[in-house]
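> Encoded as C-alpha cells, here's the structure I'll be asking about.
The values are calculated or read from the model by the stated rules, or taken from the named source; none is laboratory data. Note that the structure is a prediction, hence the values are computed from the model and not measured. Quick reminder, even Gly has a Cβ in these numbers, built from the backbone with ideal geometry, and neighbours come from all protein chains shown. The protein model used for the area step is the full one, side chains on, heavy atoms only, and it has no ligands, DNA or RNA in it. Shrake-Rupley method; radii C 1.70, N 1.55, O 1.52, S 1.80 Å.
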Amino acid sequence: MSRSPMIVRTVPALRRALDGLRARKATIALVPTMGALHDGHVSLVRLAKRRARKVIVSIFVNPTQFAPTEDFGSYPRTWKADLARLAAEDVDLIWNPDVKAMYPEGFATRIVPEGPATAGLEDRFRPHFFGGVATVVGKLFAQVRPDFAIFGEKDFQQLRVVARMAGDLDLGVKVIGSRTVRERDGLAMSSRNVYLTPEERQIAPVLYRAMKESAARLRAGDAVEDAMAGGAGQIASAGFVLDYFEARHAETLAPIASVKDGPVRILVAARLGKTRLIDNIGV
Ligand code: PAF
C-alpha cells in the first residue's frame, strides 16, 4: 500500500526533513519537475527509485525560465492529480516551495550557463530559458544535496546544460538522463500537449516520424544537409512553423558535417498553432 509523501514548502522545513531522510546514510535521488505530471515523469521517478533509497520530487513552476510573452500564467497546475501519482509511486518527499521561498525579496544571483546552453538551439528562440533553468536547478541541488538527479531526455539541451553545470560547479550530484516516453503514435509526452486541439493532436506525431526518417537516411549514408532538409520539409508540409530541425553532436551539441562526427542526435522544435513542441532522437 502506498503512503502519502511528506510535503515540504519552506527551506528550513526541507533541511529538517532531509536530516531525517539522510539518517542511516540513505542515498537521495531528486526528480525536478514543474508539476502537471504525466507518464514521462513517472518513468523518471521509477528510475530515481532504482538509483537511490529515498526519492524527492520537486514541483515548482519556475517563473525565471519563462519570457513575459510565454505561458507561465497558464502553465497547467494539477496539484491534486500530481500528489496522487507521486503517492502511488511511493515517493518520500515533495519539495513544493512557492515563488517567495525560492526567490525571496532581494534575490540577486543568477547562474549564466555557457557551452551547451549557447549551442544555437533552444537558446536561439528562448534566450532567457537556460539562465532560469540553471539558476533554479542550481538552487534545487544546493537545497536538496541529492546524490542523483534525474532529467528527461526529451529536453535534451537542458539535460546537457544541467549536467555541465553540476560538473563545472562541483555540486557532487550525478545527473542522469531518462529515455523519452511516447504516446502510442510516437508523440513525446509533455505537459504542454494539453494545449493541442484535437486536429493538432492528430498532426503532432509528424515530428517523430520526420526525425526517424532523417535518422534512417543519415544511417544509410545520405549527406547531412539532404537528410535534414527532407525531414524539415515533411514537418513544414504538415502545418508546423519550424524553429529548428538539426543533427548535432550528442555530447557537445556542436553542428556535425557527417554522421562519422557522431554520436549524433537529431533535435527539433516547431510550433503548431499556439503550441511549441520539442523532441529529439539518437541516430
Ligand atoms: O524540465 C522542467 O520541468 C524544468 O525545466 C525544470 C528542470 C524542473 C526546471 O524548472
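> Please list, short to long, the whole-number percent of alpha-carbon pairs of segment 153-283 in consecutive 10 angstrom bins beginning at zero.
Here the calculated profile for segment 153-283 is 13, 41, 33, 13, 1.
> Quick check on my link table: of K25/K174; K139/K260; K49/K100; K25/K154; K100/K274; K54/K139, which ones sit more than 28 Å apart, alpha carbon to alpha carbon?
On the way: K25/K174 17 Å; K139/K260 38 Å; K49/K100 30 Å; K25/K154 32 Å; K100/K274 30 Å; K54/K139 19 Å.
Result: K139/K260; K49/K100; K25/K154; K100/K274 exceed 28 Å.
> Stretched out fully, how many nm does the piece from V112 to R3 gain, at 0.36 nm a residue minus the Cα gap?
Using 0.36 nm per residue and subtracting the Cα-Cα distance, I get 35.3 nm.
> Compute the angle between helix 79-88 and the longest alpha-carbon principal axis of the chain, please, reported from 0 to 90 degrees and rounded to the nearest 10.
On a 0 to 90 degree scale, this one is about 80.
> Roll a 1.4 Å probe over the protein chains and send me the accessible area per residue for the chain in Å².
Dividing the accessible area of the chain by its residue count gives 48 Å².
> Within the accessible area of the chain, what % is carbon and sulfur when the probe is 1.4 Å and the other protein chains stay in place?
Answer for the chain is 53 percent, counting heavy atoms of protein chains only.
> Could you give the nm distance between label points at A229 and K274, where each point is 7 Å from its Cα heading toward the beta carbon?
Roughly 3.7 nm, to one decimal.
> List every residue whose amide H lies under 5 Å from the amide H of V264, counting only residues 5 or more places away in sequence or on a different chain, with H placed 1.01 Å from N in the peptide plane.
Counting only residues 5 or more places away or on other chains, the set is A250, V283.
> Here is a further query. Could you order the peptides 136-146, 8-18 from most to least packed, using the average number of other C-beta atoms within 10 Å per residue?
136-146, 8-18
> Using a basic spin-label model with each label point 7 Å from the Cα along Cα→Cβ, how many nm lie between H128 and T10?
So the two model labels end up 3.0 nm from each other.
> Which value, in debye to the nearest 20, gives the size of the charge dipole of segment 136-220 about its Cα centre, when Lys and Arg are +1 and Asp and Glu are -1 at the Cβ?
My answer is approximately 200 debye.
> How big is the convex hull of the Cα atoms of the chain, per residue, in Å³?
It is 137 Å³ per residue.
> For segment 187-193, take each phi angle, set θ = phi - 60°, evaluate the Karplus expression 6.51 cos²θ - 1.76 cosθ + 1.60, and give the result in whole Hz per residue in order, putting x for glycine and proline.
Listing the rounded values in order: 5, 5, 5, 7, 4, 7, 4 Hz.
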